[in-house]
Amino acid sequence: MTSAPTVSDPSAPAADPTANAPGAVDGGPERNSLSDMRLSIGDSLQLDCGSPIGARKAFVKLVGYLKDRSIIVTAPTLGGRKLELIENDSVLVRGFSGMNAYAFRAFVVRVGRIPFDYVHLSFPSVVFGRPVRRSQRVRTDLAAQLIANGPDLNEPTAVNIEDISALGALISSTREFDAKHPMRLAITLVLHANRVEVEVEGKVVSYRSNTAEGVEAQKHRYSLEFKGVDAHDAMLIKAYVYQQIVDCPNSST
């Protein structure tokens with residue numbers, strides 16, 4: 001027999017569940033509603049699952065929700081194995097949207113198996129929000145095309161993006177480029193299984209080359225500071241960074 005969910009003392013101040021969000025800035029959290037998260041079907045959410053299964057962090061996809069009733073997410077998995085939740089288990093849900101990290105506490109209302117494994121969570125009465133640093137960077141392995149870099153670049157050239165933020169990126173190539181000229185990149189991002197194209201221009205703020213012994217070809221790395229990015233492209237880059245933070249927490253730098 002499962003026990004009833006623990007009811008907190010309403011007179012006690014609510015703890016801030018966003019305090020440990022990657023890249024969260026200092027300052028008090030804001031109280032929001034679930035609608036402020038602007039969630040879309042298929043968005044990634046992180047579940048911090050506590051007792052009785054032990055402290056575990058897993059990732060789920062949003063299936064849907066009905067206001068003031070419940071939220072439906074896919075069953076959490078960890079290392080390819082499903083985490084067994086039962087009714088009344090308490091979880092902490094985290095997510096990112098816009099420039100904010102959001103979090104709320106919920107408990108398991110029901111676990112379903114058909115037509116796939118899913119979990120009903122209680123609908124939150126309050127969602128905490130906290131701004132995230134614009135400079136938050138994530139490690140990546142993105143292929144991109146360098147399409148402009150002074151008069152010596154005659155055709156687009158493949159480069160690799162090793163990390164990226166809303167403010168800039170670190171690119172690498174076995175080819176050496178002109179660090180005195182701005183670099184314009186064409187990047188393909190995958191956002192919630194959709195491929196989107198963005199173009200950004202950046203000023204080279206630092207350069208280094210790998211001359212380690214045993215390396216067949218030198219690798220040149222350029223740290224770029226984005227300049228004059230189109231508002232739509234900037235939004236897509238931010239969304240990609242926050243998606244990576246949620247999907248791959250260890251990618252944060």
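The values are calculated or read from the model by the stated rules, or taken from the named source; none is laboratory data. Not measured: the values here are computed from a predicted model. Heads up, the Cβs are rebuilt from the backbone with ideal geometry, glycines too, and the neighbour counts pull from every protein chain shown.
The table that follows gives values for the structure above.
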{"read-out": "Search result, residues across segment 61-111 that are small (G, A, S) and touching a residue at least 24 places away in the same chain (Cβ under 8 Å)", "value": "S70, A75, S90, G95, S97, G98, A101, A103, A106"}
{"read-out": "Residues that are within 12 Å of G168 (Cβ to Cβ) and crowded, with 18+ Cβ neighbours inside 10 Å, drawn from segment 224-239", "value": "L224, F226, V229, I237"}
{"read-out": "Residue ID - surrounded by the fewest Cβ atoms within 10 Å (Cβ to Cβ), chosen from residues in segment 124-161 that are closer than 30 Å to K67 by Cβ and not polar (S, T, N, Q)", "value": "V126"}
{"read-out": "G42 vs. criteria among the small types (G, A, S), at pLDDT below 90 and more than 24 Å from K238 (Cα to Cα)", "value": "no"}
